[in-house]
Amino acid sequence: LDNLQPEIKKLAERLRYEVSVRGKQLGWSEKVARFHFKKNLRRIITDLYVRDNCHPFKATLLVWVQIPMWVCVSLALRNCSVGATDSKVQEQFSAGGALWFTDLTAPDSTWILPVSLGLVNLLIVEV
């Protein structure tokens, strides 16, 4: 979208000139000329988005998928850790695990998982 801004600006200037000339020829009022300018500029911008395949909604699509997924995963993890009242579930969490975290009910004393999760999220945001 940023790469299209100079092209959009040039096309808008040219369109503004063409609409003003056409408006004077046909005797349009300022309101009618502004209406035709906006309508044609919207059409030109839409054509540019289609040509370069960069509609602004595509940039937000990932967020609308990630937010419900994050909420569901957070609630599932909370229900597994806090809401588990069955002793079998607690035993599985305390005996399960991998690498340096063998007890899933104990906090991570090395801070490796929280820091790596934060760095991965930062990387995703920056990319």
Subject >> Cys54, Cys80, Cys72, ranked by accessible area, largest first (probe 1.4 Å) >> reply: Cys72, Cys80, Cys54
Original post:
If you keep only loop residues by DSSP, which trypsin sites (Lys or Arg not before Pro) in region 22-127 have at most 15 other Cβ atoms within 10 Å of their Cβ?
Top reply: none
Original post:
Can you pull the accessible area of Ser87 for me, 1.4 Å probe, Å² to the nearest 10?
Top reply: 70
Subject >> Pairwise centroid distance, computed over Cα atoms, of region 94-117 with region 28-84, Å >> reply: 37
Original post:
Using the Kirkwood radius built from alpha carbon pairs, what does the Stokes-Einstein equation give as D for the chain at 10 °C and 1.306 mPa s, in µm² per second?
Top reply: 78
**OP:** Enumerate the lysines that Lys24 could reach by cross-link, defined here as Cα to Cα under 26 Å, with residues fewer than 8 away along the same chain left out.
**Re:** Lys9, Lys10, Lys38, Lys39
**OP:** Tell me what the chain gives for mean residue ellipticity at 222 nm when only DSSP H runs of n ≥ 4 count, each as -39,500 (n - 2.57), the sum divided by the residue total, rounded to 500 deg cm²/dmol.
**Re:** -25500 deg cm²/dmol
Original post:
What are the chymotrypsin sites (Phe, Trp or Tyr not before Pro) within region 1-109 that DSSP puts in a loop, where the Cβ has at most 12 other Cβ atoms within 10 Å?
Top reply: Trp100
Original post:
Helix 56-81: angle to the longest alpha-carbon principal axis of the chain, degrees 0 to 90, nearest 10?
Top reply: 20
**OP:** Kindly give Rg over Rh for region 57-126, based on alpha-carbon atoms, with the Kirkwood expression for the hydrodynamic radius.
**Re:** 1.08
Original post:
On a 0 to 90 degree scale, rounded to 10, what angle separates helix 112-126 from the longest Cα axis of the chain?
Top reply: 10
Subject >> Average projection area in nm² (convex hull over Cα atoms of region 3-54, one quarter of hull surface) >> reply: 3.5
**OP:** Keeping the other protein chains in place, figure out the carbon and sulfur percent of the accessible area of region 3-54, with a 1.4 Å probe.
**Re:** 54
Original post:
Accessible area per residue of region 3-54 at 1.4 Å probe, in Å²?
Top reply: 80
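The values are calculated or read from the model by the stated rules, or taken from the named source; none is laboratory data. If you're wondering where the values come from, they're calculated on a predicted model, not measured in any experiment. Don't worry about glycine lacking a Cβ; one is built from the backbone with ideal geometry, like all the others, and counts go over all protein chains shown. These area figures cover heavy atoms from the full protein model, side chains too; ligands, DNA and RNA do not enter into them. Shrake-Rupley method; radii C 1.70, N 1.55, O 1.52, S 1.80 Å.
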